[in-house]
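**Q** Provided herewith is a single structure, encoded as structure tokens, for subsequent inquiry.
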Amino acid sequence: MLIETDKKPDSYKLFPESDLLIWMIIPAYNEEKFIGDVLERLFKMGLNLIVIDDGSRDNTYQIVQDLIKDHPGRGYLYQHPINRGLGATLKTGIEAALKKNADIMVTFDADGQHNPEDILPVCRPIIEGRADVVIGIRDFNEMPQHKKRSNQIMNLITRIFYNANVKDSQSGLRAFNYKAAKALDIESREYGVSSEIIREIKHKNLRMEEVPIETIYTDYSLSKGTNAKIGFKILVKMIREILR
Amino acid sequence: MVMVYQYIGVLIGIIGIIFTLLRFREGKMSLGMLLVWNIIWILIIIISIFPQSTGEFATLTGVGRGLDLIFILGIIGCYYLIFKIYNMIENIEQEITHLVREIALQRENIELKEDEENQN
């Protein structure tokens, strides 16, 4: 379940000290269970949202649309007519945010696994001008065994193929400034995008910081994301990319 | 003596040539692919009419038996085609993704806007 921590009033501003324009990028594929709660909390924090429905077959689109109607001008919904994968979805979201001249873009999972309180620490290095990209690092020790192993393997693969050593290559909570988002050149359509982003950070010489974040594990969020099968698919893709 | 497979081979070759020519005329095949396929079909016809010729090729390449050479070439050809098709599908997937993303971006909040227009 989501932890109820938002006792702050609607006027609560995430960053009173800065007037940088922040857009949240939320990819969603069949997320009807939790996306309503997640979006509502983010709206309450005064954030602007870009939601990309990646051809969901459930009620995701309707739920998001109804919520956005209640917050005019602060939420935008994009729909892929057919499912195209996480990579394509993030790309659409980043492009949309760039069109809105976002200063900071934060990718945030729709399944309720991230704690909205982590958004501030993840954005801070960018606001303070220390970094172009920030990756939220999940605590591997709190991860269930099978998740931990597949994420460790993904880290290793990212290191071998892209020569980039990061603590959590598959994290869904990341922040980019305008320059970094513009520089990203993403090809991967599916979950391989997370490793690809790490590669791009290295290739484009972007300044990166890693910030620890909390992960809220539910049966639901555990059923999604990186598992052994997806890990294997990503590996095959990376090998192909090298052979190309 | 003429064997049955020789007739079948020639027949398959001729049908193949007709099909590739038709597809080329309909604009569904490029000139390069037309040439490649016709060379394959003509080779099949020649080999069917002169089966001994494969033996000479086989000794030339050191494979030994003519039939083995045909098998080896056939398998290599199949792999090449699979590789080509794989790449074509990958390209098509990329193009579809591009289109889908473009459609999504152009139709930003489309139903909300329609609602507003209906209200006005």
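No value in this document is a laboratory result; all are computed from the given coordinates. Just so we're clear, the structure is a prediction, and the values are computed from it rather than from any experiment. Using ideal geometry, Cβ is built from the backbone for each residue, glycine included, and neighbour counts are taken over all protein chains shown.
**Q** Determine the alpha carbon to alpha carbon distance for each of A:K91/A:K204; A:K44/A:K229; A:K147/A:K237; A:K44/A:K147 and list only those over 28 Å.
**A** Flagged as over cut-off: A:K44/A:K229; A:K44/A:K147.
**Q** What residue among A:I135, A:I186, A:I198 has the largest mean-square fluctuation in a Gaussian network model of chain A, using Cα springs under 10 Å?
**A** Comparing A:I135, A:I186, A:I198 in the GNM, the peak value goes to A:I186.
**Q** Now a separate question. Angle between the Cα long axis of helix A:60-69 and the longest principal axis of chain A, 0 to 90 degrees, nearest 10?
**A** 40
**Q** Above 21 angstrom, tally the Cα pairs of region A:22-243 and express them as a % of all pairs, no decimals.
**A** Above the 21 Å cut-off, region A:22-243 has 52 percent of its Cα pairs.
**Q** From the helices alone, meaning DSSP H stretches of at least four residues, give me the mean residue ellipticity at 222 nm for the protein assembly as shown, per-run term -39500 (n - 2.57), in deg cm²/dmol to the nearest 500.
**A** Roughly -18000 deg cm²/dmol at 222 nm, from the helical runs in the protein assembly as shown.
**Q** Which of rounded, prolate, oblate describes chain B, given a ≥ b ≥ c as roots of the alpha-carbon gyration tensor eigenvalues and a/c under 1.5 marking rounded, otherwise prolate only if a/b is larger than b/c?
**A** prolate
**Q** Considering only DSSP beta bridges with both partners in the protein assembly as shown, what is the antiparallel share in %, to the nearest 5?
**A** Roughly 30 percent of the DSSP beta bridges within the protein assembly as shown come out antiparallel.
**Q** Now a separate question. What is the distance, in nm, between label points placed 7 Å from the Cα along the Cα-to-Cβ direction at B:I12 and at A:I216?
**A** Going from the B:I12 label point to the A:I216 one covers 6.4 nm.
**Q** Sticking with this structure for a sec: At 7 Å along the Cα-to-beta-carbon direction for both A:D66 and A:F232, put a label point, then send me their distance in nm to one decimal.
**A** My value for the distance between the label points is 4.0 nm.
**Q** To the nearest 0.05, how large is the calculated FRET efficiency for A:L120 and B:N87 if R₀ is 56 Å and r is the Cβ-Cβ distance?
**A** 0.80
**Q** Here's a follow-up. Which of the GluC sites (Glu not before Pro) found in region A:66-160 are loop residues per DSSP with 11 or fewer other Cβ atoms within 10 Å of their Cβ?
**A** Hits after loop and neighbour filter: A:E128.
**Q** On a full-extension model of 0.36 nm per residue, what is the gain between B:E102 and B:L31, subtracting their alpha-carbon distance, rounded to one decimal in nm?
**A** The B:E102-B:L31 span can extend by a further 22.3 nm.
**Q** Another one. With springs only between Cα atoms under 10 Å, which of A:D54, A:D103, A:D66 fluctuates most in a Gaussian network model of chain A?
**A** Result for chain A, Cα springs under 10 Å: A:D66 fluctuates most.
**Q** A further question follows. Run the numbers for B:L60 and B:C78: contour at 0.36 nm per residue of separation, minus the present Cα-Cα distance, in nm.
**A** Computed gain between B:L60 and B:C78 is 4.2 nm.
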